[in-house]
Every structure is written in structure tokens, then in C-alpha cells.
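Working notes, structure below.
The values are calculated or read from the model by the stated rules, or taken from the named source; none is laboratory data. Quantities reported herein were computed from a predicted structural model and do not represent experimental measurements. Positions of Cβ are backbone-derived with ideal geometry, glycine not excepted, and every protein chain shown enters the neighbour counts.
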Amino acid sequence: MAISQVNDANFAEETSKGIVVADFWATWCGPCKMMAPVLEDVDSELADKVKIVKLDVDENQATASKYGVMSIPTLFIFKDGEIADKVVGFTPKEALVARINQQLA
């Protein structure tokens, strides 16, 4: 499954079912750019179990504010619409996969 861009209007729907990793990011953010290939690797490895979505915080401030995002990248791992885990800052693939696997267990 490809990584999809989400927005304030469809965020709740897109994170409501199963395990979803939501990446709160911005185009100008260096660590966010470093996170992108990690998320692509995770997506290709776990595509059958996990959905990954990206939310641009500059364009979707309501959702970023609702979840109290103060620094980016911030990754939320949702399980059936509820926040199960949160990671702030660049995260290596192995660490992110381990956190996702905890939710899949």
C-alpha cells in the first residue's frame, strides 16, 4: 500500500481502522526529509499489516493542534482510531518497526 497524504478533513477516517502510522511533517523540516525513506521502507516491509499516512502540519493546523504536535516529525501509531504510541523526532527503521510490532502483537 502506498503512503497517502491526508488532511484535516479525512484524518479521522483514515486513522480509524487497524494499525495506522501517521507522520506529522512539513516540507521545510530536515529530520522529516530523513524520515521519508524510513517510512517508505517500513511501508514496503509491513504494507499488508500497517497503513502509513502523512499530514503536512503547515496545511493542516487543526489536526496538528488537536494532537498537541509541538515538534516534527511526530509519528503517532493509531490502533483502531486510538493513539497507541507516539514517537517524536527522527527514528531509525528498526526502532519504528519494533514499536509497530508491539501494536500488532
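Numbers for the structure displayed
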| item | result |
| --- | --- |
| Flag for Asp23 being touching a Lys or Arg at 6+ places or on another chain (Cβ under 6 Å), at pLDDT 95 or above, surrounded by 20 or more Cβ atoms within 10 Å (Cβ to Cβ) and outside any loop (DSSP other than H, G, I, E, B) | yes |
| Complete set of residues in segment 30-66 that are surrounded by 17 or more Cβ atoms within 10 Å (Cβ to Cβ) and either in a loop (DSSP other than H, G, I, E, B) or at positive phi (or both) | Val57, Asn60 |
| Segment 5-15: number of residues that are within 13 Å of the chain's Cα centre (by Cα) and in a loop (DSSP other than H, G, I, E, B) | 2 |
| Hits in segment 40-95 - residues which are touching a residue at least 24 places away in the same chain (Cβ under 8 Å) and of a type in the set (Lys, Arg) | Lys49, Lys51, Lys54, Lys79, Lys93 |
| Selection within segment 21-39 - of a type in the set (A, V, I, L, M) and in contact with a helix residue (DSSP H, G or I) (Cβ under 7 Å, 6 or more places away or on another chain) | Val21, Ala26, Val38 |
| Where Asn101 falls short, out of the listed (1) surrounded by 13 or more Cβ atoms within 10 Å (Cβ to Cβ); (2) in contact (Cβ under 8 Å) with a residue 12 or more places away in the chain; (3) polar (S, T, N, Q) | (2) |
